[in-house]
Amino acid sequence: PNGQRIVTASADKTARIWNAEGAGAPFVREGHANSVVAAAWSPDGARIVTASADKTARVWSADGPGAPIILEGHQDPVLSTAWSPDGARIVTTSSDRTARVWSADGQGANFILGVHEGRVNNAAWSPDGEHVVTASSDNTVRVWSAAAAGAPWLLTRHGGAVLSAVWSPDGKRLLTASEDKTARVWIFDIDLLRRALRDATAECLSPDQRRAYLLEDSAAAADGYLACKREAGRGSGEAP
């Protein structure tokens with residue numbers, strides 16, 4: 001995070017921490033039983049987490065000796081890993097079609113955010129730490145509550161495996177990249193979504209549509225529908 005060091009992951013089963021200026025020998029972290037496919041710094045730069053084809057992730061001190069914390073539970077290779085913004089949690093993704101959230105100190109049980117229909121290639125925390133986005137070879141992107149509450153938002157417009165997903169710094173948009181040769185920007189901000197929906201149609205959204213797309217409760221959806229009718233001069237109307 002301070003730009004002074006670099007961590008690399010390798011098929012030789014190690015991660016190495018290097019001086020970014022190239023001086024001195026790297027600090028080697030070894031212990032995985034198979035290729036290390038990803039590595040990431042903790043927000044404070046004190047730790048790294050590694051993801052491996054040996055089906056585990058490991059949390060290491062970035063300095064000095066000490067055994068790693070081993071995160072075990074995936075049934076297939078771990079493909080990616082990322083720290084929560086506060087450094088307290090880690091998300092991992094796997095060929096076993098799941099993403100899991102762990103305590104970074106290894107305490108307590110991990111939990112599965114949910115199950116995709118294909119391998120989960122990538123995950124990223126929202127800037128506020130409240131949500132996790134996952135990108136999958138099932139051609140979908142899903143946005144989950146980081147507390148595993150409720151069903152995910154399902155984004156389905158890609159025509160090929162989705163390889164990665166990242167948040168904008170303000171957390172209001174998502175950028176996804178796919179094997180269908182496109183990248184897409186998705187609106188995740190409710191106010192922006194409302195404006196986009198209003199601009200995209202000359203018709204008033206029905207109460208059912210307002211509940212589904214604007215996340216309004218039943219009363220607000222009915223009131224919003226009637227207000228739209230009045231504002232558009234389409235008559236007072238009754239909510240269907």
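Peptides 89-95, 106-112, ordered by how many other C-beta atoms sit within 10 Å of their residues on average, highest first, read 89-95, 106-112. Within straight-line reach of Lys13, meaning a Cα separation under 23 Å, sit the following lysines at least 8 residues removed in sequence or on another chain: Lys55.
Summed over the residues of the chain and divided among them, the accessible surface reaches 51 Å² per residue at a probe radius of 1.4 Å.
Counting only protein heavy atoms and a probe of 1.4 Å, the accessible surface of the chain is 49% carbon and sulfur. Taking other residues whose beta carbon is less than 12 angstrom from the beta carbon of Ala161, and scoring Lys, Arg as +1 and Asp, Glu as -1, yields -2. At 25 °C and 0.890 mPa s, grab the translational diffusion coefficient of the range 41-161 from Stokes-Einstein with a Kirkwood Rh over Cα pairs, rounded to a whole number in µm² per second. Taking Rh from Cα pairs, D becomes 171 µm²/s.
Solvent exposure of Ser168, expressed as accessible area, is near 30 Å², computed with a probe of 1.4 Å over the protein chains only.
Protection proxy ranking for 23-29, 153-159, 37-43, 48-54, using the average of other Cβ atoms within 10 Å per residue and placing the highest first: 48-54, 37-43, 153-159, 23-29. Using alpha carbons only, the radius of gyration of the chain set against its Kirkwood radius gives Rg/Rh = 1.09.
The values are calculated or read from the model by the stated rules, or taken from the named source; none is laboratory data. Every value quoted in this text rests on a predicted model; they were computed, and no experiment measured them. So basically every Cβ, Gly included, is an ideal-geometry build from the backbone, and we count neighbours across all protein chains shown. The protein model used for the area step is the full one, side chains on, heavy atoms only, and it has no ligands, DNA or RNA in it. Shrake-Rupley method; radii C 1.70, N 1.55, O 1.52, S 1.80 Å.
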